[in-house]
Amino acid sequence: MRKYEFLEHTADVAFRAYGNNVGELFEHAAEALESIMICLDDVACEDSRVITLTSDTYEDLLYDWLSELLVIFEVDLFAVRSCRVTTTGFSLHAECLGAKIDPSKHRLKEEVKAVTYHELKVTKNAYFQAQVTLDV
Amino acid sequence: MINERLVRKDDYTWEIAKDETLGMRVPGRIFLSDALMRFLEPAAIQQVANVATLPGIVKWSLAMPDVHTGYGFPIGGVAAFDATEGIVSPGGVGFDINCGTRLLATTLTKEEIEQEIQTLTTKLYESVPAGLGSKGSLRFSEKELDQVFLRGAKWAVDSGYGDAGDLKHCESNGCFDGADVSNVSPLAKKRGMPQLGSLGSGNHFLEIQFVDQIYEEREASVFGLRPGQVCIMLHSGSRGAGHQICTDYLKLFQKASQKYAIRLPDRQLACVPADSRDGRSYFSAMAAAANYAWANRQIMSYRVRDVIEREFSTGAGLVYDVAHNIAKLETHHIDGERKEVYVHRKGATRAFEKDESYGVAQPVLIPGSMGTASYVLCGTTKAMQTTFGSTCHGAGRVMSRKAAKRQLTWKGVTESLRQKHITLKTDDLSAVPEEAPEAYKPIDEVISVVSALGISKVVARLVPMGVIKG
């Protein structure tokens, strides 16, 4: 099983993430998002952040999770290299490891404006799968 | 192949019949030439049809010739909603509220700067912050940020970033009435604070261009444009402030849509009645973001002018500043009646038949893709009658960013720019293929369609000399 793959979308960036459980799915979706904005190979796991969220559905929880990562990236200038996500119902607890963004050390890539609800889906077959469209 | 859902009405107008089983309240209309038809994606047709299902939509759900798939609304989408019975939709405006273009015209000629183009592009690149997370390097208090949200370009001019004459040549005079900062979240303010005066990334740019051709002598002369003249075009929006305002209200309206029993074909179309507390809150926050964007472009103009002044001891007058992601309350003549409507332009530009300050039709600024021509158009009576006073906003993408990166290399794209004597500056060369001309429709064809339809008149064609890609 792949962690995630980018899809064709004319205007924006869309990806599909996979996981054996919802937590792993969210971890992979986070990596997909971060990889658009920064070259992850350069990001060390030298600092941490804890995120807790509660929503109404898995889709809403995913939207909130990715939106939160986006804000942390842009406002706190913190890039997440890896994370451990556990979920209980539609609540999430995430321990994120990463580093403060430093343009002299990190290669910044593209700005993601926002996460969209467009075709946002979390489904379960043999494994969990999510589809996300981002506005870039 | 022409999609079976489309019925040809004339050379450039294709209709999607009103399908009540899909919940469409009005027909859809897409404006395309035969040459552009091959770029039309079935998903974009579906998005035009989806918009036609929203409550209070008037006459048609429209798509301009630069149409392509977006999220929720198509890009190039225009829809008007009855002011009392209709809705407002954050997704119908987009995350980059009041993303728009601005054109400054210098007194310089192409020949005068040809030898200096590398230096000029570099100086502008150093002066106007661009790229991911770019910051405006301005110091101001939270109270002043509130003034930015309330007064837009007027705040910028009063703070010394330009002169009062600039405001005359901005859509809505660079200030959207009705902004209410109490409806802007602390997070939106926090995101907006450091970024004021910066370009951003993606398809945002600053270009040094020259006037290659004049098509309408009278309008060109009124707008202050002449052959060979050097101009500066800016494309940017409301940065993180606008992105967060849209995010906040989209989230809020997920539940509100259920509260108002609005059935949505796509969650990104979440909307509320315009004439409701929720609707008024969004509209006042959207106005605040629009004002931020006008102030943002005004501050960047100040920095551009400073460079021109220092390098060439001359100035640059504002030709026009116009939004292409916005919703506005406007009065239109519809079926013989004057009607107040909320016109949503998502990747579409206002093109009114009259501009008060110029006394002729409103200028319309249409950027091409990186390395291709841009255009100055003007509005028409036909646009007022058929597109709620709107036209296209650019070339329109045809290739996904992923495909562009797969099929093109940054070296190849920069080499082709070099062959056209165009200087490029960017802090992210790897993203250059995404904005290459091959990733977009041919701008000249898009312009020929809006011209042939009569929804805009072509005034001038501008060709790039230097590009700063955000």
Please give the per residue volume of the convex hull enclosing the alpha carbon atoms of region B:365-460, rounded to a whole number of Å³.
103 Å³
Treating only the Cβ of Lys, Arg, Asp and Glu as charged (+1, +1, -1, -1), what charge dipole size does region A:20-135 show about its Cα centre? Round to the nearest 20 debye.
180 debye
Which of the trypsin sites (Lys or Arg not before Pro) across region A:1-61 are loop residues per DSSP, with 13 or fewer other Cβ within 10 Å?
A:2
Report the Cys residues of chain A lacking a disulfide-compatible partner, meaning no second Cys Cβ under 4.7 Å from their Cβ.
A:39, A:45
In this model, which of A:100/B:123; B:346/B:425; A:100/B:190; B:354/B:457 are farther than 22 Å apart at the alpha-carbon?
A:100/B:123; B:346/B:425
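Restricting to Cα atoms and excluding each atom paired with itself, what does the Kirkwood estimate give for region B:377-432 in Å?
One over the average 1/r among Cα pairs gives 14.4 Å for region B:377-432.
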Normalised contact order of region A:20-135, rounded percent, pairs of Cα under 8 Å and 6 or more residues apart:
33 percent
Rule-of-thumb Rg ratio for region B:234-380 [Cα; 2.2 N^0.38 Å; N residues]:
1.27
Within chain B, what is the longest stretch that has no GluC sites (Glu not before Pro) placed in a DSSP loop and near at most 15 other beta-carbon atoms within 10 Å?
B:86-355
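Could you give the alpha-carbon Rg of chain A over 2.2 N^0.38 Å, rounded to two decimals?
Values: Rg = 13.9 Å, N = 136, 2.2 N^0.38 = 14.2 Å.
Against the compact-globule rule of thumb, the ratio is 0.98.
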Placing +1 at every Lys and Arg Cβ and -1 at every Asp and Glu Cβ, with all other atoms neutral, what dipole size does the protein assembly as shown have around its Cα centre, in debye to the nearest 20?
340 debye
Inter-label distance, nm, simple model (7 Å from Cα along the C-beta direction), residue B:126/residue B:306
1.3 nm
Share of Cα-Cα pairs in region B:21-143 beyond 22 Å, in percent?
57 percent
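Cut-off is 10 Å between beta-carbons; in what order do A:117, B:71 appear when sorted fewest neighbours first?
Details: A:117 23, B:71 28.
The order, fewest Cβ neighbours first, is A:117, B:71.
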Sites matching trypsin sites (Lys or Arg not before Pro) across region B:311-379 that sit in DSSP coil, with at most 15 neighbouring C-beta atoms within 10 Å
B:354
For B:37, B:286, B:465, which order do you get if you count the other beta carbons within 10 Å of each Cβ and list the fewest first?
B:37, B:465, B:286
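Ranked by Cβ crowding within 10 angstrom, fewest neighbours first, how are B:14, B:410, B:155 ordered?
Result, fewest neighbours first: B:410, B:14, B:155.
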Scattering curve values for the protein assembly as shown, log₁₀ I(q)/I(0), Debye with Cα scatterers, q = 0.08, 0.12 Å⁻¹:
-0.51, -1.23
Tell me which of B:377, B:276, B:130 sits at the most positive position along the dipole axis of the protein assembly as shown, charges placed on C-beta atoms (Lys, Arg +1; Asp, Glu -1).
B:276
Total charge of the residues flanking residue B:288 in space, meaning their Cβ is under 12 Å from its Cβ, with Lys and Arg +1 and Asp and Glu -1, is -2
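Throughout, read-outs are computed from the coordinates displayed, never taken from laboratory work. No experiment lies behind these values; they were computed from the predicted model shown. Note that we place each Cβ from the backbone using ideal geometry, even for glycine, and neighbour counts take in every protein chain shown.
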